Amino acid sequence: MGVVTYNYESTSPVAPARLFKAFSLEADKVWPKAAPQAVKSVEVEANPGPGSIVKINFAEGLPFQYMKHQIGGHDDKNLSYSYNLIEGGPLGDKLEKISYDNKFEAAAGGGSLCKSTMKFYTVGDYVITEDEIKAQIKGSEGVYKAVEAYLLANPDACN
C-alpha cells in the first residue's frame, strides 16, 4: 500500500462559515437541494460526529451509486473538518480509502478560500497519477459549485 498526498485550493464568493456548515454540519439537508442532478440523498448514522458514517446516494445515470464517508471530526471555531471515503464512489479495487482534511478561511477580497489536503491510500503496487487525482477533484467540483450557487441564491441558508 502507498499513500499519495495532494493539496488543493479553491475560492468562493460565499462566507467561510456558511460553506463550512453546508459541507460538514448540514450536508444531509443542503446537498440534495443544491445538486439534485447528482445527489439523491445523504443519510447520517446517528449524530454527525467523529466515527459516524455518512452515506451519499447519487442520482441515476452517474458513474457511482453511492459512497460512504467516516467522519473524522469538525472544528466549528477553525471552520475545518475531516473525513475518510471508505466505501463506494471512486475507490474501486485500486484505492483502500481517501482521507480529506478541509479548512475554510476568509479570502483577502471577501468570500472564502477552501484548503483541502487529500491522501490517497492505494492497494498493492498501484500508483495513482496526478491526472486521476485531478479527475476526482473535477467530479466533486460539480457538487461544490452547486452548493455554492444554492447558498448565493438562498442567503438565509446555513447561517
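Before moving on, here are some points about what is shown:
- Using equal-weight Cα scatterers in the Debye expression, the normalised intensity of the range 1-151 in log10 at q = 0.10, 0.19 Å⁻¹ is -0.33, -1.30.
- Accessible surface of the range 1-40 [probe 1.4 Å, protein heavy atoms]: carbon and sulfur percent: 56
- The range 1-151, relative contact order [Cα under 8 Å, separation at least 6], %: 30
- Members of Lys40/Lys77; Lys21/Lys94; Lys68/Lys103 lying beyond 26 Å, as alpha-carbon distances in this model show: Lys40/Lys77; Lys21/Lys94
- Accessible-area ranking of His69, His74, largest first, probe 1.4 Å: His74, His69
- Considering helices alone, the calculated mean residue ellipticity of the chain at 222 nm is -7500 deg cm²/dmol, with DSSP H runs of length four and up weighted by -39500 (n - 2.57) and normalised per residue.
- Radius 15 Å from Cβ of Ile128, net charge of other residues (Lys, Arg +1; Asp, Glu -1): -1
- Rolling a 1.4 angstrom probe over the protein heavy atoms with all chains in place gives the chain an accessible area of 54 Å² per residue.
- For the range 33-98, the Rg and Dmax computed from alpha carbons only, in angstrom: 12.8, 38
- Taking the Cα centre of the range 1-151 as origin and assigning +1 to Lys and Arg Cβ atoms and -1 to Asp and Glu Cβ atoms, the resulting dipole is close to 360 debye.
- The largest accessible area among Ile86, Ile98 belongs to the first residue in Ile86, Ile98, and the rest follow in falling order (1.4 Å probe, all chains).
The values are calculated or read from the model by the stated rules, or taken from the named source; none is laboratory data. Since this is a predicted model, take the numbers as computed values, not measurements. In this analysis, Cβ positions are derived from the backbone assuming ideal geometry, glycine residues included, and neighbour counts consider all displayed protein chains. SASA here: full protein model, heavy atoms, side chains in, ligands and nucleic acids out. Shrake-Rupley method; radii C 1.70, N 1.55, O 1.52, S 1.80 Å.
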